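Quick notes on the structure that follows.
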Amino acid sequence: MTNPTDPAINGAESLVHTLLAAGVDTCFSNPGTSEMHFVAALDHIPGMRSVLTLQEGVATGAADGYYRMAGKTACTLLHLGPGLANGLSNLHNAKKAGSGVLNIIGEHAQSHIDLDAPLTSDIEGIARPVSHWVHSSKSVGDLGADAVQAVQAANTAPGQVAALILPSDTAWTEGGIVADPQPAPQRPDFDRSQLRAATTALSGPDSLLLLGGAALTEDNLLLAGRISAATGCALLSEWANARMDRGAGRVTVGRVPYPIDQALKVLAPYKRIVLVGARAPIGFFAYPGKPAVLTADGAEIIHLAHTGSDLAAALVALCDGAGASATPPAHVAKAAVPDKPKGGLTPDNIADLLGRAIPEGAVVVDESVTTGRSFFPATQGAPKHVWLNNCGGSIGYGLPVAIGAAIAAPKAKVMALTGDGSAMYTLQALWTMARENLDVTVVIFANRSYRILRGELTNVGVGNPGPRAIDMLSLDRPNLDWVQMARGMGVEGVAVTDCDGLEAALADGLAMSGPYLIEAVM
């Protein structure tokens, strides 16, 4: 074991010791040559769990899922600019979700950069669009202090993406200094100048309290339920949420719908909207002849608390202002088990089967896209569970996030719900699930198409698409065989085509202690 006070330690060793002291003890990696000294340091310095992934998007997505469930930062280990570029899609999702992720990215030694070697690239330029903090360590003596700043950046509420670029000569040079950890920055206060207006606005059924971020924890939802009971205001959340506590006995909150026409209809009644951890509702995309702003014309929108601020304090203040501190909450979900559906697999039937299957304490990672739009009503009375959504919209999020969630919450049953098109982006995640023996039940909704894009053709005005357009959105010729692909990566699985088969497969998967894949053919 390397002694962290030994002046002979190299930069990579000082980095590992500094990260461990700061509480970063999990690394999702896909390393290359430039990172070998960091790999060697992980080998002989105990305390860091190192999880190998076969593609960088799996590593970055896993770090996102880890933060959502553990509430603390994990690091990734990525190889130079191309390795970082492979992970950008899920870093985009992590940034939009407010997840704390620290990317350690290898770089050539300066002498090699000067030679314009084949893998030379502008790593800082690649990192900036998906990062809040980017820094290249210039010397071995600075690396420990740089790492502390990176951890602080990642831990800045609600969670940020940090990029620490590690030149190989900085990693291998002796003279590393282990830096002392610093406390995570405190969440700033909410906008108290808006408190009176927000308290006055929440009155009657034409007012809405719109929630997002950490406002969707069980305790904060309880406060929102009290406010709703006392004022008569409605409760909704954003369509996509990084984490929502749900289930019987908890205050249940519907979501602003994804389809623009449905969202306009749902939001039309509200003349006053108070935002706590949420943004004012806008459409996911622009459509010809349709508005981008989803709220009613003339609606008053009060920004009480942005997602990085103290959302609990904002809800306590609203609760006190409404005189609701002792009021029984509204919208508490009652335990309910949907009737068992029969026949083929439809979105509504699948929703009922999930409502029957979700176990106590489960983590549901939802990338079901079109199939999952009806899941919430049927699952709100299931035992208490956590629901994770894709906040950035870049597909290939579900399977990697399930890895991170399972590692952060090893006693929970993790259910990864994803479409066949989405899952193909990061199917390498199945191998890591098998290697780590993670307790993940994967359900692939195999509709043999990019079904969401069929609807988007209509939304953008293409009313009668021809065979070539349809062919570009179809996943047949040949059909994907998910059971064979899963078995090739060490995960057992089964294909099902009806409600009886899916219910039995869910029971089998959730009874196992390792990964299991269900291909639900629709």
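Using each residue's phi in the stretch 417-434, evaluate 6.51 cos²θ - 1.76 cosθ + 1.60 at θ = phi - 60° and report the 3J(HN,Hα) Karplus result to the nearest Hz, with x for Gly and Pro.
Residue by residue, the stretch 417-434 yields 10, 8, x, 5, x, 5, 5, 5, 5, 9, 4, 4, 4, 4, 4, 5, 4, 5 Hz.
Quick one: of the DSSP bridges fully inside the chain, what percent are antiparallel, nearest 5? Walk me through the numbers on the way to the answer.
Numbers: 8 of 74 bridges.
Counting DSSP beta bridges with both partners in the chain, the antiparallel share is about 10 percent.
For Cα pairs less than 8 Å apart in space and 6+ apart in sequence, what is the mean separation divided by the residue count of the stretch 253-368, i.e. the relative contact order in percent?
Working: 97 pairs, mean separation 22.6, N = 116.
In percent, rounded to a whole number, it is 19.
Please list 27-38, 58-69 highest first by mean number of surrounding beta-carbon atoms within 10 Å per residue. Show your work: numbers first, answer last.
Details: 27-38: 21.3, 58-69: 31.9.
Listed from highest to lowest mean packing, they are 58-69, 27-38.
For the stretch 11-172, state the average projected area of the convex hull of the C-alpha atoms over all orientations, rounded to one decimal in nm².
On the way: hull surface 31.6 nm².
Averaged projected area of the stretch 11-172's Cα convex hull equals 7.9 nm².
So how tilted is helix 499-511 from the main axis of the chain? Cα-based, degrees 0 to 90, rounded to 10.
40
Could you give the semi-axes, largest first, of the ellipsoid that matches the chain, computed as the square roots of 5 times the alpha carbon gyration tensor eigenvalues and rounded to whole Å?
Working: eigenvalues 294, 178, 98 Å².
They are 38, 30, 22 Å, listed from largest to smallest.
Quote the charge dipole size of the chain about the Cα centre in Debye, to the nearest 20; the model charges only the Cβ of Lys and Arg (+1) and of Asp and Glu (-1). Could you put the intermediate results ahead of the total?
On the way: 35 positive and 48 negative charges, 371 e Å.
Value, rounded to 20: 1780 debye.
Going by average Cβ neighbours within 10 Å, how do the peptides 141-152, 351-362, 316-327, 9-20 rank, with the highest at the top? Walk me through the numbers on the way to the answer.
Details: 141-152: 21.8, 351-362: 20.0, 316-327: 17.0, 9-20: 26.2.
Answer by packing, highest mean first, reads 9-20, 141-152, 351-362, 316-327.
Could you work out how far apart the two model spin labels at Glu218 and Arg435 are, taking each label as a point 7 Å from the Cα in the direction of the beta carbon, and quote it in nm?
In this crude label model, Glu218 to Arg435 measures out at 3.4 nm.
Can you give the local net charge around Phe190? Use residues other than it whose beta-carbon is closer than 14 angstrom to its beta-carbon, Lys and Arg +1, Asp and Glu -1. Before the final figure, lay out the partial values.
Values: positive: Arg187, Arg192, Arg196; negative: Asp189, Asp191, Asp310, Asp320.
Once positives and negatives cancel, what remains is -1.
What is the packing order of peptides 122-132, 367-377, 268-278, 70-80, taking the mean over residues of other C-beta atoms within 10 Å and listing the highest first? Show your work: numbers first, answer last.
Values: 122-132: 17.5, 367-377: 20.8, 268-278: 22.4, 70-80: 24.5.
Taking the mean over residues of other Cβ atoms within 10 Å, the ranking is 70-80, 268-278, 367-377, 122-132.
Given a cut-off of under 8 Å on Cα pairs at least six residues apart, what relative contact order in percent is computed for the stretch 1-83? Display every interim value, and only then the final one.
Numbers: 112 pairs, mean separation 30.1, N = 83.
Averaging sequence separation for qualifying contacts and normalising by length gives 36 percent for the stretch 1-83.
Using 0.36 nm times the number of residues separating Lys138 and Thr327, minus their current alpha carbon distance, what extension gain do you get?
Working: separation 189, 0.36 × 189 = 68.04 nm, distance 5.73 nm.
This chain segment gains 62.3 nm when fully extended.
So what are the stretch 192-321's ellipsoid semi-axes, whole angstrom, largest first, if each one is the square root of 5 times an eigenvalue of the alpha-carbon gyration tensor? Numbers along the way, then the final one.
Working: eigenvalues 102, 55, 36 Å².
One finds semi-axes of 23, 17, 13 Å for the stretch 192-321.
Using Cα pairs closer than 8 Å and at least 6 residues apart in sequence, work out the relative contact order for the chain, in percent. Provide the component values of the computation, followed by the final result.
Details: 1288 pairs, mean separation 73.6, N = 522.
That works out to 14 percent.
From the backbone phi of the stretch 192-205, what are the Karplus-calculated ³J(HN,Hα) couplings (6.51 cos²θ - 1.76 cosθ + 1.60, θ = phi - 60°) in whole Hz, Gly and Pro given as x?
Each residue of the stretch 192-205 in turn: 5, 5, 9, 5, 4, 5, 5, 5, 5, 5, 7, 8, x, x Hz.
Per q in 0.11, 0.12 1/Å, what log10 I(q)/I(0) does a Debye calculation on the alpha-carbon atoms of the stretch 347-521 return?
Result of the Debye calculation: -0.44, -0.52.
Every read-out reported here was derived from the displayed coordinates using simple, explicitly stated rules and does not represent laboratory data. What you see is a predicted model; the values in this text were computed from it and never measured. Using ideal geometry, Cβ is built from the backbone for each residue, glycine included, and neighbour counts are taken over all protein chains shown.
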